[in-house]
1. For Ala82, are the conditions met, namely being touching a Gly at 6+ places or on another chain (Cβ under 6 Å) and modelled with pLDDT of 95 or more?
2. Met79 passes all but one of (1) touching a Leu at 6+ places or on another chain (Cβ under 7 Å); (2) without any contact (Cβ under 8 Å) to a residue 40 or more places away in the chain; which number fails?
3. If you go through the range 18-41, how many residues are surrounded by 15 or more Cβ atoms within 10 Å (Cβ to Cβ), out of contact with any helix residue (DSSP H, G or I) (no Cβ under 6 Å at 6 or more places or on another chain) and within 21 Å of Asn61 (Cβ to Cβ)?
4. Could you list all residues from the range 58-72 that are surrounded by 11 or more Cβ atoms within 10 Å (Cβ to Cβ) and farther than 23 Å from Phe25 by Cα?
5. Tell me which helices (runs of 4 or more DSSP H) are completely within the range 7-89 and hold 3 or more residues being among the basic types (Lys, Arg) and at negative phi, or say none if there are none.
6. What do you reckon, is Phe50 surrounded by 12 or more Cβ atoms within 10 Å (Cβ to Cβ) and touching a strand residue (DSSP E or B) at 6+ places or on another chain (Cβ under 8 Å)?
7. Tell me whether the range 13-26 contains one or more residues that are more than 13 Å from the chain's Cα centre (by Cα) and of a type in the set (A, V, I, L, M, F, W, C).
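The values are calculated or read from the model by the stated rules, or taken from the named source; none is laboratory data. Everything numeric here is computed off the predicted structure, so don't read it as measured data. Here the Cβ is made from the backbone with ideal geometry for all residues, glycine too, and neighbour counts use every protein chain on show.
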Amino acid sequence: MSERIRIRLLGLHLAYIDKGLVRKFESTCKVINLNSWIREQAYNDFKVKFYSEDSLDDFKNILEKNYYDGIGDWLREKMRLAILEKERLGD
């Protein structure tokens, strides 16, 4: 099993993400602050803003209604798509 990184937001656990995916994402997409990027993507996709643990619970419910297995599933998809887009554009 490959090494995983624990992703946290508001001091709370969000997901475990493969270390290789995180490193590839950070280097390809030039993302310095992953938490800010996660907040931006959640707002762009679902108009969610994170203020408290309740807002994270609301986000989990929204993701379930949109057929995601959880925040990790959504986050991995967003990261992979961002990498593919950057590589396609050659940025």
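1. Values: touching a Gly at 6+ places or on another chain (Cβ under 6 Å): no; modelled with pLDDT of 95 or more: yes.
Against the criterion (touching a Gly at 6+ places or on another chain (Cβ under 6 Å) and modelled with pLDDT of 95 or more), Ala82 does not qualify.
2. (2)
3. 2
4. We begin by selecting, within the range 58-72, every residue surrounded by 11 or more Cβ atoms within 10 Å (Cβ to Cβ); these are 58-60, 62-64, 68, 70-72.
Asp58, Ile62, Glu64, listed by residue number.
5. Values: elements: 19-29, 34-46, 53-65, 71-89.
Those helices (runs of 4 or more DSSP H) span 19-29, 71-89.
6. Numbers: surrounded by 12 or more Cβ atoms within 10 Å (Cβ to Cβ): yes; touching a strand residue (DSSP E or B) at 6+ places or on another chain (Cβ under 8 Å): yes.
When the stated conditions are applied, Phe50 passes them.
7. No, the range 13-26 contains no residue that is more than 13 Å from the chain's Cα centre (by Cα) and of a type in the set (A, V, I, L, M, F, W, C).
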